[in-house]
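Student: This is the structure I want to talk about, given as structure tokens.
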Amino acid sequence: MIEQHYTEEALLSLLDTRDADAVLGDPHLAACDMCSDALDSYKDIAGLLCDKDVWDEDDAFDSEPAAETLSRIRAFADSTAREDAEAMALVDQLLELPTEWWAEEVRSDERYATAGVVRRLVAVAHEAVDSTPTQASALTSIAVDLVDQLDLAKYDGELLAMLRGRAWRERAYALYYLGSVDAAKSAVQKATDAFSSCTLADVDIARTRLLDSMILSERRIRGSRRVCSCVSGRVRDVRIARTHTRSAVGRNKRVSDEWKVSGSDRTISTARVRAEQRKPGSTGRHHREHSLLLSRDGRE
Ligand SMILES: [Zn+2]
């Protein structure tokens, strides 16, 4: 017989039973250590939850943040805000230059080598993608290169990975917008790789997946368009082939009709010559054949 243990719900309902004798008299609980142990531990927990001390928070947690942690967070927020303000001014200057100068300008001026500039380039590219997608693409290309040039001693790995992921995702979006779906697909992969090393990138990963699905559906549409144009090409080929076949059949029929006519003409004239040759000593049958041939020839 298969042993049937009490479910968690069944044991909890037994816990509510006031009649202790009924519980003690339960034959399965009396025989099964596993279920009776589980019931005992539920009883202990239920007992603890009724204890006032358990709910007393006074000594349990220190609700004040550690001063050191707080000052570190404030310093980080301040330096990020400062960096972002500087980046905004720098990128504004950059945008005044012709597009083809941008990459060289960023490479040669080390003031641009900050996480703030990468953030700003990504933000500007995102806004520009509808109106000037080629500029958005150029900005994201600079952003992904710049992330790799940032000082590893100045920024921590998690921040850089996050920045790299966002720069590549924006690059993927610009490329997708420009219709370069294959390049967009590989940019999405780079973004995904970067985010996979971050601990708090769930939202970024979700946004990247969304973009990935847009790129994939665009690829499928293009794939089916290619198939359609291939099929319509074949249909056209078949039509052309049919027309050729029809005209060839027509030509063959004409040729063969001409051959038949000229062939029967030859037969008739040969027969006539023979008939003429036989005429002098001919029998009645030869005369009949001769007159028949002449009549077919329309002479008599
Ligand atoms: Zn049991």
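Student: Could you tell me how many degrees, from 0 to 90 and to the nearest 10, lie between the Cα long axis of helix 181-195 and the main elongation axis, the longest principal axis, of the Cα atoms of the chain?
Tutor: 20 degrees
Student: Please report the relative contact order for region 81-200, taking Cα pairs under 8 Å with a sequence separation of at least 6, and give it as a percent rounded to a whole number. Mind showing how you got there, number by number?
Tutor: Numbers: 146 pairs, mean separation 27.3, N = 120.
Once normalised by length, the contact order is 23 percent.
Student: Find out how many positive minus negative residues lie around Glu258, taking Lys and Arg as positive, Asp and Glu as negative, among other residues whose Cβ is under 13 Å from that of Glu258. The partial results should precede the final answer.
Tutor: On the way: positive: Arg251, Lys253, Arg254, Lys260, Arg266; negative: Asp257, Asp265.
Net of charged neighbours comes to +3.
Student: Tell me which of His244, Leu29, Leu210 sits at the most positive position along the dipole axis of the chain, charges placed on C-beta atoms (Lys, Arg +1; Asp, Glu -1).
Tutor: His244
Student: What translational D, rounded to a whole number of µm²/s, comes out for region 81-200 from Stokes-Einstein when the hydrodynamic radius is the Kirkwood one over Cα pairs, at 20 °C and 1.002 mPa s? If you can, show how the numbers build up before the last one.
Tutor: Working: Rh = 14.2 Å.
The Stokes-Einstein estimate is 151 µm²/s.
Student: Still on this structure, please answer the following. If I take every Cα pair under 8 Å that is 6 or more residues apart in region 142-213, average their sequence separation and divide by the length, what percent do I get for the relative contact order? Please list the in-between numbers first.
Tutor: Numbers: 65 pairs, mean separation 22.1, N = 72.
Relative contact order comes out at 31 percent.
Student: Note the angle between two axes, namely the Cα long axis of helix 67-96 and the longest principal axis of the Cα atoms of the chain, as a number of degrees from 0 to 90, rounded to the nearest 10.
Tutor: 40 degrees
Student: Follow-up. Give me the one-decimal nm value for the distance between modelled label points at Arg209 and Arg251, 7 Å along each residue's Cα-to-Cβ direction.
Tutor: It is 6.3 nm.
Student: Apply the Karplus curve 6.51 cos²θ - 1.76 cosθ + 1.60, θ = phi - 60°, to the phi angles in region 103-111 and return the couplings in whole Hz, x for Gly and Pro.
Tutor: 4, 5, 4, 5, 5, 8, 10, 6, 4
Student: So if we plug the beta-carbon distance of Arg274 and Ser232 into 1/(1 + (r/R0)^6) with R0 = 51 Å, what FRET efficiency do we get, rounded to 0.05?
Tutor: On the way: r = 62 Å, r/R0 = 1.22.
Calculated value: 0.25.
Student: Another question, if that's okay. What order do you get for 168-177, 201-210 when each peptide is scored by the mean count of other beta carbon atoms within 10 Å, highest first? Walk me through the numbers before you get to the answer.
Tutor: On the way: 168-177: 24.8, 201-210: 14.6.
Those peptides, ordered most packed to least, come out 168-177, 201-210.
Student: Okay, next question. Calculated FRET efficiency, Tyr42 and Arg220, Cβ-Cβ r, R0 41 Å, to nearest 0.05? Walk me through the intermediate numbers first.
Tutor: Values: r = 54 Å, r/R0 = 1.32.
With R0 = 41 Å, the Cβ-Cβ based efficiency is 0.15.
Student: For Leu90, what charge total do you get from the other residues with a beta carbon under 13 Å from its beta carbon, if Lys and Arg give +1 and Asp and Glu give -1?
Tutor: Working: positive: Arg82, Arg111, Arg119, Arg120; negative: Glu83, Asp84, Glu86, Asp92, Glu96, Glu105, Asp109, Glu110.
Value of the local net charge: -4.
Student: If you don't mind, there's one more thing I want to ask. With θ set to phi - 60° and the Karplus curve 6.51 cos²θ - 1.76 cosθ + 1.60, what are the ³J(HN,Hα) couplings of region 7-15 in order, to the nearest whole Hz, using x for Gly and Pro?
Tutor: Whole-Hz 3J(HN,Hα) from phi for region 7-15: 6, 4, 4, 5, 5, 5, 6, 5, 4.
Student: Could you work out the relative contact order of the chain? I mean the mean sequence separation of Cα pairs under 8 Å and 6+ apart, divided by the number of residues, in percent. Please report the intermediate quantities before stating the final value.
Tutor: Details: 201 pairs, mean separation 25.4, N = 300.
It comes to 8 percent, rounded to a whole number.
Student: On alpha carbon coordinates alone, what is the Rg over Rh value for the chain, Rh being the Kirkwood radius? Let's see the in-between values first.
Tutor: Values: Rg = 46.8 Å, Rh = 29.8 Å.
Dividing the radius of gyration by the Kirkwood radius yields 1.57.
Student: Are there cysteines in the chain with no second cysteine's Cβ under 4.7 Å away, and if so, which?
Tutor: Cys50, Cys198, Cys228, Cys230
Computed from the coordinates by the stated procedures, all read-outs in this text should not be read as laboratory data. A quick note: this is a predicted structure, and the numbers were derived from the prediction, not measured. Glycine gets a Cβ as well: all are built from the backbone with ideal geometry, and neighbour counts include every protein chain shown.
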